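Everything below concerns the one structure shown next.
What follows is calculated from the coordinates using simple rules that are stated; it is not laboratory data. Keep in mind it's a predicted model, so treat the numbers as computed, not measured. In this analysis, Cβ positions are derived from the backbone assuming ideal geometry, glycine residues included, and neighbour counts consider all displayed protein chains.
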Amino acid sequence: MSQLFSKDNRQILTAPLNGDNPIMIQILGICSALAVTAQLEPAIVMGLSVTVITAFSNVIISIIRKTIPNRIRIIIQLVVVAALVTVVSMVLKAFAYDVSVKLSVYVGLIITNCILMGRLEAFAMMNKPWESFLDGIGNGLGYAWILVVIGAVRELLGSGTLLGYTIIPQGAYDAGYVNNGMMTMPAMALILLGIVIGVHRAVNKDIKS
Amino acid sequence: MKLNTNSNIYTIIYACVVVVIVAFLLAFVSSALKAPSEANERIDQQKQILASLNLKPEKAQVESQYKQVVVADPIVDTLGNVVSESGGFKVKRKDIGKPQLPVYVCQINGETKYVLPMVGKGLWGTIWGYLALNDDCETVYGAYFSHESETAGLGALIAEADFQSEFKGKKIHDAEGNYLSVVKFGSKQEHPEVQCDGISGATLTTNGVNAMISDYLKMYKNFLNKKKQNL
């Protein structure tokens, strides 16, 4: 057990949450981060979907890494990712229909998310399954928590709700408070993401860009 | 024996095996999840039809309430003839109006309502709606609109109750032949009987709504006229 969570492995799991974050440091997966964060719920589901898909595609690729012919390795990686994404999309349609409608094409577009291909090519092709699994979970969660932060801010300021529950009291509206419609548009997501990255770099001065 | 993973034959066989495995896996998952996902789509469509009748049941009650309210779903053609006594619900959204026109005949508190489905083009993608008419075939009882990808906060507002409730009590056309339409928000309504307030900043989406309503009311015209004569 102690070996499973050795110092190196803990590092693999936690580095992507902060110092090696796929969105904040590597600036990958931005497109979907902007598109699905108008509300908190789709942001959470999207984050979890990407985490599950990254983790399991990492494991699968890592298990078969020694058998993959070098010339078609990218294609094999794509096939594995595409299969997992299709499964996740079918599961969402069957058990979380409303969310799958909200996420629309972006579930399918997880296939093209650079985080996945990046982790497969850079990590899973060279490491054992367990380490790859941790790397996938770490990177998925690193992606997810940024989405959740942006989704929460956008839903709160844009619609006055969180997960559909009203947060801003009616009294505030009566006193003249207005929801910021800009927050529901992707442009504000980009600006918010910029602010998150800026704050993160200001706090962690040692990170080299 | 160490396999040469770079040989051509190995590569081709490897690719074939992977594809076959993935194909079987996906086919299996797809057939295993077919029933619940089709049920979700069905419930979603029923929910939208009920929404046009100003009914908003919880998800669990949608199917039972739909059964109660909708008594028939015939398909008519542009001449107003009934093509099929039932099956309107199964007409796919993209096929509505070409040339099948489903009508949902509903009973609410003893009154007959007709729900007409319609499909059109918004600014970015498909929009669709359901228009519920009273049994005089002229007065709007309720309306529901939704969209695929209209701009959030602008065109997407057509899916909100605030916009849809504007349609209640309007006529589908007036004596001068003007069809039910949406006009610029706040501008003077020259034909208040048939005009609703639009959404600021969503002119192109509401133009799409106007085109959709007039296109489909023209197609349903003969059917509605026949119903009127039988009153």
Study note, to complete from the structure: Using the Kirkwood formula on alpha carbons, the hydrodynamic radius of the range A:1-78 in angstrom works out to 15.0 Å
Check your understanding: Counting DSSP beta bridges with both partners in the range B:45-229, what percentage is antiparallel, nearest 5?
Key -> 90 percent
Check your understanding: So for chain B, taking the charge dipole from beta-carbon charges (+1 Lys/Arg, -1 Asp/Glu), which of B:Gln164, B:Asn81, B:Pro99 sits furthest toward the positive end?
Key -> B:Pro99
Exercise for review: Helix by helix through chain A, keep the DSSP H runs that span 30 Å or more along the axis on Cα and average at least 0.5 on Kyte-Doolittle, and give those back in order.
Suggested key: A:40-63, A:73-95, A:129-159
Check your understanding: How high is the relative contact order of the range A:24-203, given as a whole-number percent (alpha carbon pairs under 8 Å, six or more residues apart)?
Key -> 38 percent
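Where Rh denotes the Kirkwood radius from the mean inverse Cα pair distance, what is Rg over Rh for chain B?
On the way: Rg = 23.0 Å, Rh = 19.8 Å.
Ratio of gyration radius to Kirkwood radius for chain B: 1.16.
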Revision key, fill the gap. So the FRET efficiency between B:Glu111 and B:Glu190, C-beta based with R0 = 30 Å and rounded to 0.05, is 0.45
Review point. Pick from B:Gly169, B:Gly155, B:Gly125: which is most flexible by mean-square fluctuation in a GNM of chain B where alpha carbon atoms under 10 Å apart are linked?
Key: B:Gly125
Exercise for review: Give me the distance between the Cα centres of the range B:29-88 and the range A:78-154, rounded to whole Å.
Suggested key: 33 Å
Check your understanding: Using the alpha-carbon atoms, what tilt in degrees (0 to 90, nearest 10) does helix B:8-32 show relative to the longest principal axis of chain B?
Key -> 40 degrees
Practice item. Extending each Cα 7 Å along its Cβ direction at A:Val101 and B:Lys121, get the distance between those two points in nm, one decimal. Key: 2.4 nm
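So for the protein assembly as shown, what are the equivalent ellipsoid semi-axes in whole Å, largest first, each being the square root of 5 times an eigenvalue of the Cα gyration tensor?
Details: eigenvalues 487, 162, 60 Å².
Output for the protein assembly as shown: semi-axes of 49, 28, 17 Å.
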Check your understanding: What residue among A:Gly118, A:Gly171, A:Gly108 has the largest mean-square fluctuation in a Gaussian network model of chain A, using Cα springs under 10 Å?
Key -> A:Gly171
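Taking every eigenvalue of the Cα gyration tensor of the range A:104-195, multiplying by 5 and rooting it, what semi-axes result, largest first, whole Å? Please list the in-between numbers first.
On the way: eigenvalues 274, 36, 22 Å².
Semi-axes, largest first: 37, 13, 11 Å.
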**Study point:** Calculated FRET efficiency for the pair B:Ala32/B:Ala161, C-beta based, R₀ 35 Å, to 0.05
**Key:** 0.40
Check your understanding: Which residue fluctuates the most in chain B, going by a Gaussian network model with Cα springs under 10 Å, if the choices are B:Cys196, B:Cys106, B:Cys16?
Key -> B:Cys16
Exercise for review: Quick one: Debye curve from the alpha-carbon atoms of the range A:165-208 only, equal weights, vacuum; give me log10 I(q)/I(0) at q = 0.16, 0.22, 0.24, 0.32 Å⁻¹ to two decimals.
Suggested key: -0.65, -0.81, -0.84, -1.01
Exercise for review: Identify the residues of the range A:110-149 with backbone N under 15 Å of a label point that sits 7 angstrom from the Cα of A:Cys31 along the Cα-to-Cβ direction, or state none.
Suggested key: A:110-118
Review point. So what does the Cα-only Debye profile of chain A read at q = 0.11, 0.16, 0.19 Å⁻¹, as log10 I(q)/I(0), no solvent term?
Key: -0.56, -1.06, -1.32
Point to revise | Number of partner chain Cβ atoms within 10 Å, mean per residue of B:28-38 | key: 4
